[in-house]
Amino acid sequence: MAPFSFLKFISDQWSTLPSPEELKKDLTGKTVIIVGANVGLGLEAARHFASMNPGRLILACRTPKTAEAAVEVSSVDITKTTGCKTVEFWPLDLQSFSSVSAFVTRFEKEGGGRLDILVENAAIATGDYKKTGDGHEATIQTNHLSTALLALLLLPTLNKTPNSRLTIVASEVHYFVARLTEADSPKILEKLSDKDHCTTSVMSVRYNVSKLLNVFFTRGLAERLPLGTSVTVDVVNPGLCHSELTRNASGFQAYSLAFMKFLLGRSTEVGSRTLVHAALAGDQLTMQGKYLNKCQVEEESDYVISPEGQKVQDRLWEETIAILEAADPRVKDVVHSLLRSD
Ligand SMILES: NC(=O)c1ccc[n+]([C@@H]2O[C@H](COP(=O)([O-])OP(=O)(O)OC[C@H]3O[C@@H](n4cnc5c(N)ncnc54)[C@H](OP(=O)(O)O)[C@@H]3O)[C@@H](O)[C@H]2O)c1
């Protein structure tokens with residue numbers, strides 16, 4: 001597979017994606033959760049799922065005002081535009097492990113015992129250093145740690161549901177991390193959250209690093225799912241799209257991103273089709289643990305697939321599980337009962 005290049009990026013951005021009609025499936029009786037669905041790609045993906053008659057469509061969002069608007073208030077709301085009456089908003093803040101735990105506890109009680117599709121879409125892109133109440137750098141916790149926690153805590157329900165799908169939204173920017181320099185430290189995740197380490201220059205690539213962690217986590221999870229599992233996990237790149245992701249950019253960066261999006265950006269709706277494709281298309285044989293670009297399986301970065309990348313992936317897995325086991329004791333049971341240890 002051709003490695004990432006600017007010419008490939010341009011050609012990818014201009015390629016035609018499958019139409020919503022081509023992606024459509026009947027979701028009658030099925031339960032779908034989309035994380036971060038009040039704006040951007042998550043909202044447009046939710047609208048596509050809503051048009052497929054889902055049994056339940058849960059928008060897991062941190063901002064009640066825009067989430068409620070996405071469900072029922074605004075003039076472009078999902079209920080009005082699709083006629084879907086099974087859309088719900090459930091609060092979830094990925095900057096807090098206890099919020100993730102509370103979401104899962106509620107889902108265990110009220111979720112109806114099945115989860116067909118979980119799309120982990122929420123993320124932040126910021127160069128500012130901030131520590132969460134749980135003690136982790138905010139981008140690492142939002143984009144990686146809490147995303148992993150939610151995936152693991154919902155794994156038992158995904159596992160009980162035939163042909164279930166877990167889709168994690170990453171990015172082509174994972175190719176930009178030629179080598180994770182924090183892997184030179186004994187504890188990678190601790191280093192990534194260390195305030196003294198997180199200089200302006202380190203934080204300028206933090207989003208890219210977080211998307212690399214999404215790719216590593218997906219591969220690590222897929223490698224540990226036993227044969228015969230009902231869950232298929234994949235990781236998707238939506239490409240450069242119009243959305244609110246760069247809301248915190250300023251100055252030259254804001255102008256250059258706006259210019260790039262003007263020239264090459266997919267509309268939010270078109271970009272969201274990549275999420276829908278990752279959650280609905282193909283089968284376990286072709287999609288398990290795979291990275292998807294323009295609705296096709298593609299090779300991850302050279303670093304990810306290198307022997308060094310595999311070692312870093314395994315270390316990150318161990319460190320992530322240790323942090324998440326401390327955050328929620330249910331993680332230990334999930335890892336021991338549902339994942340392979342060999
Ligand atoms: N747009 C692109 O060009 C592009 C390219 C490659 C990959 N991606 C990926 O696509 C995904 C969606 O991004 P987008 O472009 O649609 O960005 P967006 O418009 O900014 O949407 C991001 C979503 O994540 C939510 N979110 C952020 N922090 C959260 C938290 N702590 N708890 C719960 N939800 C939280 C946001 O909610 P609030 O509104 O409350 O903040 C929002 O719903 C991300 O994973 C991103 O990395 C985007």
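The values are calculated or read from the model by the stated rules, or taken from the named source; none is laboratory data. Computed from a predicted model, the values in this text were never measured in an experiment. Neighbour counts run over all protein chains shown; Cβ positions are idealised from the backbone, glycine included. Side chains are part of the model used for accessible areas, which takes the heavy atoms of the whole protein and leaves out ligands, DNA and RNA. Shrake-Rupley method; radii C 1.70, N 1.55, O 1.52, S 1.80 Å.
So here's what we get for this one:
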item: For the chain, calculated [θ]222 nm from helices alone, where every DSSP H run of n ≥ 4 adds -39500 (n - 2.57); result: -13500 deg cm²/dmol
item: Within the chain, percent of DSSP bridges classed antiparallel, to nearest 5; result: 10
item: Where GluC sites (Glu not before Pro) fall in DSSP loop in the stretch 183-244, at most 14 other Cβ within 10 Å; result: Glu244
item: Cα-only radius of gyration and Dmax that characterise the stretch 11-99, units Å; result: 13.8, 42
item: Projected-area average for the stretch 213-252 over all orientations - Cα convex hull basis, square nanometres; result: 4.4
item: By accessible area with a 1.4 Å probe, ligands and nucleic acids excluded, highest first: order of Asp184, Asp328; result: Asp184, Asp328
item: Listed pairs Lys130/Lys195; Lys8/Lys261; Lys30/Lys85; Lys8/Lys294; Lys85/Lys109; Lys30/Lys294 exceeding 19 Å between Cα atoms; result: Lys85/Lys109; Lys30/Lys294
item: Extreme residue, positive dipole direction of the chain, given options Gly271, Phe217, Ser96 (C-beta unit charges); result: Gly271
item: Reciprocal of mean inverse Cα separation for the stretch 221-333 (Kirkwood radius, Å); result: 16.9
item: Coil-residue trypsin sites (Lys or Arg not before Pro) of the stretch 67-141, DSSP, other Cβ within 10 Å capped at 16; result: Lys85, Arg114, Lys130
item: Neighbour net charge for Ala322 - beta-carbon separation under 12 angstrom, K R +1, D E -1; result: -1
item: Accessible surface of the chain [probe 1.4 Å, protein heavy atoms]: carbon and sulfur percent; result: 56
item: Length gained when the stretch Phe252-Ser204 is fully extended (0.36 nm per residue, less Cα-Cα span); result: 16.0 nm
item: Relative contact order [Cα under 8 Å, 6+ residues apart], the chain, whole percent; result: 20
item: Lys/Arg +1, Asp/Glu -1 at C-beta; the chain dipole; positive extreme among Ala151, Tyr175, Gly55; result: Gly55
item: Low-density loop cleavage sites - chymotrypsin sites (Phe, Trp or Tyr not before Pro) in the stretch 255-342, where at most 16 other Cβ are within 10 Å (DSSP); result: none
item: Cα-centred dipole magnitude for the stretch 42-142, charges only on beta-carbon of K, R (+1) and D, E (-1), debye, nearest 20; result: 180
item: Computed Kirkwood radius, in angstrom, where 1/r is averaged over Cα pairs of the stretch 6-336; result: 19.8
